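Okay, so here's the structure we're looking at.
The values are calculated or read from the model by the stated rules, or taken from the named source; none is laboratory data. None of the values given here were measured: they were computed from a predicted structure. Please note: Cβ atoms are built from the backbone with ideal geometry, for glycine as well, and neighbour counts cover all protein chains shown. Ligands, DNA and RNA are stripped out before the accessible areas are found, and what is left, the full protein with its side chains, is counted by its heavy atoms. Shrake-Rupley method; radii C 1.70, N 1.55, O 1.52, S 1.80 Å.
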Amino acid sequence: MASIVAVLLIAATVQAFPSISARQGITALTTSQIDQFTTYTYYASAGYCTNTQTLAWNCGTNCNANPGFKPVASGGDGNLVQYWFVGYDPNLHTVIVSHQGTNTSEIMPLITDAEFFLTPLDPILFPGISWNIEVHNGFKDAQASTATDVLAAVKSAMSIYGTTSVTMVGHSLGAAIILLDSVYLPLWLPAGTTFKTVGYGLPRVGNQAFADYVDAHIHLTHINNKEDPIPIYPGTFIGFVHPAGEVHIEDSGEWAACPGQDNPSTQCIVGDVPEILDGNPSDHNGPYNGVEMGC
């Protein structure tokens, strides 16, 4: 009798999520789980707005989606330095850090240029981090250009609003920068601070040692939309590895949680987009549960 019940339960589960098959470890997010990301999605999209817009929290739909947000600092010029902002979300009781991304035509050369290379993190910004941990030199430079300003703004926001929670969000290049922020900020903030990182359309940032460090120390979710080609670059054949935490938005609209690093299932980005020609660049900006990236 027990075995019959078990078979019926398995059948019901597969029927409930027909396009998320019973492949080991891959599960479908519920509607409520998907909706929990929407606040972060709008903050990531707001990263594309100018520093003056985000400091005044006057950036149209992206700002209106989180009307209670309290901006603390912003920066960048949208050209040589990506826009960024830091502030406080009273509903989530967390400091928000967001960095501007870039469009597909601009990030593709950055992640496919034959002149980029893996390099250790700066020991001054990242004290105590092993030299075995290596990252994309372009992403490293982009994060370093704002690191100390962002840190000062986060410390200020934590002090003003009495919170010990920090959440980092970003899309595309912005997702790569916030992943490096996620390694950087815990080295400089008080013990007991909690961190969360949500990236969208994240390219691979570092090597195997970097991915392992992220898995061990960072609460990361990186969300990939349909056939977006950006997350499959830079390639694994030159030593780049994605950390765990992938969520892949299927063509059906279902969100698949893909365990492990670079999960090869066709329900996950690596299996769904094995080569650049299999990708659709228009998927890079979304929609992510109805939200298109951009200001």
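Regarding Ser159, is this residue farther than 30 Å from Ile238 by Cβ, of a type outside the set (D, E, K, R) and without any contact (Cβ under 8 Å) to a residue 12 or more places away in the chain?
Taking the combined requirement at face value, the residue satisfies it.
Output the helices (runs of 4 or more DSSP H) that fall wholly within segment 20-97 and possess 3 or more residues being over 21 Å from Tyr200 (Cβ atoms) and either open to solvent by 10 Å² or more (accessible area, probe 1.4 Å) or touching a strand residue (DSSP E or B) at 6+ places or on another chain (Cβ under 8 Å) (or both), or say none.
51-56
Please work out which one of (1) assigned to a loop (DSSP other than H, G, I, E, B); (2) open to solvent by less than 20 Å² (accessible area, probe 1.4 Å); (3) in contact with a Leu (Cβ under 8 Å, 6 or more places away or on another chain) is the condition Ala244 fails and give its number.
(2)
One line per residue, one yes/no per condition, for (1) without any contact (Cβ under 8 Å) to a residue 60 or more places away in the chain; (2) under 19 Å from Val97 (Cβ atoms):
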{"site": "Phe117", "(1), (2)": "yes, no"}
{"site": "Ala152", "(1), (2)": "no, yes"}
{"site": "Lys155", "(1), (2)": "yes, yes"}
{"site": "Thr164", "(1), (2)": "yes, yes"}
{"site": "Val169", "(1), (2)": "no, yes"}
{"site": "Ile178", "(1), (2)": "no, yes"}
{"site": "Val183", "(1), (2)": "no, yes"}
{"site": "Gln208", "(1), (2)": "yes, no"}
{"site": "Asp212", "(1), (2)": "yes, no"}
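Just checking, how many residues over segment 267-295 are out of contact with any strand residue (DSSP E or B) (no Cβ under 8 Å at 6 or more places or on another chain), in a loop (DSSP other than H, G, I, E, B) and aliphatic (A, V, I, L, M)?
Of the residues in segment 267-295, 1 are out of contact with any strand residue (DSSP E or B) (no Cβ under 8 Å at 6 or more places or on another chain), in a loop (DSSP other than H, G, I, E, B) and aliphatic (A, V, I, L, M).
Within segment 204-238, how many residues are in contact with a Pro (Cβ under 7 Å, 6 or more places away or on another chain) and of a type in the set (D, E, K, R)?
Number satisfying all stated conditions: 2.
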